[in-house]
Amino acid sequence: MAVKRPTHVGLTGSIGMGKSETARMFAKLGIPVYDADAAVHRLYEKGGGAVAPLEAAFPGVVKDGAVDRGELSKHVTGNHDATQKLQAIVYPLMADERRKFLEHAQASGAEIVVFDIPLLFETKGEGNMDAVVVVSAPSHIQRERVLARPGMTEEKFAYLHSRQMPDEEKRAKAHFVVVTDKGLEHAFDQVKMIVAELKHRRARD
């Protein structure tokens, strides 16, 4: 009998909404989580698959054998063409990372896998998912969280924000929403309910 593939869950949310913390909650429940940001870090570090092509596309962005994200940011922030060039290099490499993750998760018998992808809707990735979870918080909380990050500026926040679909649109497209402004315990309760519902649906199907 063919092995039933794991239920694919897309986890997304705008910057500062609490997505990384929510991803850790899924992992705490034993759900394998693919972290798109972590995958990018691996591709950018010394020996990573993106180092040589990014240096060729944006000379000077590699320092000590690794991609300097600050230097790369200078090339792409506010530059649509440069951003597209960056995506054309990095997205195929990330697709390969996702494939390896999925193969490993399926081999280990996972029922559910979570893909933590910041720009899931913006890159039309929701079509590959069985369910989408959007992490959300009020805009003033989001702003406080993001501007508290080291090296963050109003300009950078405005640019990042402009590249993302509005939160209300993401919530409207979601199968589940996790609100993160009422404490970690409240958020974890929501995650546990989502996992229970997904397992119920899987058993029913």
Quiz item: Which one of the conditions (1) surrounded by 14 or more Cβ atoms within 10 Å (Cβ to Cβ); (2) in contact with a strand residue (DSSP E or B) (Cβ under 7 Å, 6 or more places away or on another chain); (3) without any contact (Cβ under 8 Å) to a residue 40 or more places away in the chain does K46 fail to meet, given that it meets all the rest?
Solution: (1)
Self-check item: Enumeration of residues in segment 1-27 that are farther than 22 Å from D96 by Cα and touching a residue at least 24 places away in the same chain (Cβ under 8 Å)
Solution: G13, S14, I15, G16, M17, G18, K19, E21, T22, M25, F26
Quiz prompt | Residues of segment 109-136 that turn out to be touching a residue at least 24 places away in the same chain (Cβ under 8 Å) and small (G, A, S), as a count | solution = 4
Quiz item: Could you give every pair whose Cβ atoms fall below 6 Å, whose first residue belongs to segment 56-84 and is at positive phi and in contact (Cβ under 8 Å) with a residue 60 or more places away in the chain, and whose second residue is surrounded by 14 or more Cβ atoms within 10 Å (Cβ to Cβ) and part of a helix (DSSP H, G or I), counting only separations of at least 6 or pairs across chains?
Solution: G78/Y159
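Rundown of residues vs (1) under 15 Å from the mean Cα position of the chain (by Cα); (2) basic (K, R); (3) assigned by TED's automatic domain parsing to the domain that holds E21, yes/no style:
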position	(1), (2), (3)
P118	yes, no, yes
V146	no, no, yes
E155	no, no, yes
S162	no, no, yes
H175	no, no, yes
D181	no, no, yes
H186	no, no, yes
D205	no, no, no
Practice problem: Answer yes if at least one residue in segment 153-171 is surrounded by fewer than 16 Cβ atoms within 10 Å (Cβ to Cβ) and closer than 21 Å to P6 by Cβ, and no otherwise. | Solution: no
Quiz item: Can you spot a residue in segment 115-133 that is over 22 Å from A27 (Cβ atoms), surrounded by 13 or more Cβ atoms within 10 Å (Cβ to Cβ) and among the acidic types (D, E)?
Solution: yes
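The values are calculated or read from the model by the stated rules, or taken from the named source; none is laboratory data. Just so we're clear, the structure is a prediction, and the values are computed from it rather than from any experiment. Glycine gets a Cβ as well: all are built from the backbone with ideal geometry, and neighbour counts include every protein chain shown.
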